[in-house]
């Protein structure tokens, strides 16, 4: 799995590529925990390059949302691929976290 | 997850004839030598669950399936519906609009006199307590009675009593019983489930009732999946076949398509399943 972060207007845009499942999810958790510890509050998860997410992956995203909200911020999701979108809808994850078609819209949502 | 052998459960949810997609799923799992440690079946899923847990060949299960979903299942429906509306048929908690003799005969041909304890793979069948709405797990005694209870679609088939409890369709309380698999120690859950189709034309109160049933059931399905997803320590692989058109209860001619879609949905998840199984 490939994880990168860059900052736009103080928002951590995390690009996640590859496949997210029970085996790869600890890597994302560790990465995110480090960002939260460094006091970033708001995040956008850019899923343009995420080809697959399992049920374990959903739990990780939920944990990320919960942790960022506890810190006074939020996690928004952007650019979800169709396979991942299916599982997000089945899990009602889209009812818990805001999802946007593009990273730009997700970033802008923090200021609207 | 530890390196101990992962316990794999197959959950087949309610879906009437759509549950035949589990034949396609089973074919893939057999070809890939993926061993199943537990089968959980609800409503139509219970029929196929029996076949799989008994170690039947997919072809045998298909033959039994083909002879089950016929219009004989609904004998007496129209006459009894009319009679219930004009008051000549009195309805109570034990009533159904259909004469269930064909259903019972079919289920006996599938389950025979078999007991749960005689199955090759452990099987749990889910029904619903008619009086308090709670899900009921059935995994002991003879299989016929349990599957008959799980299939007791409210108002259509008469409820079925087991040990003094009046039981109806498992779908009413737990259409995709992943929680049962979790509770019984499954690490990996392969969950085949089906949503109900929505209508876009309404010409009768029955049509509106059917739409409402689809709305309620689909939301129960998703809400329960979402909760189980959060509750589980490991992976749930949702195997949700996508059909090219609406499938109604007696679309036997669509059986090859249903099975093929079950196979496709399983193949989509297969690389990820195999990765986790190591």
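Just to confirm the number: angle between the C-alpha axis of helix B:44-53 and the first principal axis of chain B, 0 to 90 degrees, nearest 10?
40 degrees
Considering the alpha-carbon set of the range B:154-211 alone, what are its Rg and its Dmax in angstrom?
When restricted to Cα atoms, the range B:154-211 yields Rg and Dmax of 16.3, 47 Å.
With no solvent and one point per C-alpha, what does the Debye sum give as log10 I(q)/I(0) for the range B:175-240 at q = 0.26 Å⁻¹?
Computed log10 I(q)/I(0) values: -1.06.
When the Debye formula is applied to the Cα atoms of the protein assembly as shown, each taken as the same point scatterer, what base-10 log of I(q)/I(0) results at q = 0.10 Å⁻¹?
Per q value, in the given order, log10 I(q)/I(0) is -0.69.
Helix B:205-231 versus the longest principal axis of chain B: what angle, 0 to 90°, nearest 10, using Cα atoms?
20 degrees
Working from Cα positions, state the angle (0 to 90°, nearest 10) between the long axis of helix B:77-86 and the longest principal axis of chain B.
50 degrees
Among A:68, B:22, B:67, which comes first, second and so on when ranked by fewest other beta-carbon atoms within 10 Å?
Least to most surrounded, the residues fall as B:67, A:68, B:22.
Counting pairs of alpha carbon atoms under 8 Å apart in space and at least six apart in sequence, what relative contact order in percent does the range A:2-109 give?
Relative contact order here is 26 percent.
If contacts are Cα pairs under 8 angstrom and at least 6 residues apart, what is the relative contact order of chain B in percent?
27 percent
Among B:165, A:40, B:266, what is the fewest-to-most ranking by other Cβ atoms within 10 Å?
Neighbour counts put them in this order, fewest first: B:165, A:40, B:266.
If you count the DSSP beta bridges with both ends in the protein assembly as shown, what percent of them are antiparallel, to the nearest 5?
35 percent
List, largest first, the extents of the alpha carbons of the range B:1-120 along their principal axes, each in whole Å.
64, 30, 26
If the convex hull of the alpha-carbon atoms of chain B is projected onto planes in all directions, what is the mean projected area in square nanometres?
If I average the Cα hull's projected area over directions, I get 14.6 nm².
Taking the alpha-carbon set of the range A:2-109, what are its Rg and Dmax in Å?
That works out to 12.3, 33 Å for Rg and Dmax.
Could you tell me the distance between the Cα centroids of the range B:54-119 and the range B:230-255, to the nearest Å?
Each part's Cα centre sits 22 Å from the other's.
Need one number: % antiparallel among DSSP beta bridges in chain B, to the nearest 5.
40 percent
Only the coordinates and a few stated rules stand behind these numbers; no lab work does. Keep in mind it's a predicted model, so treat the numbers as computed, not measured. Cβ sites come from the backbone with ideal geometry, for glycine too, and all protein chains shown count toward neighbours.
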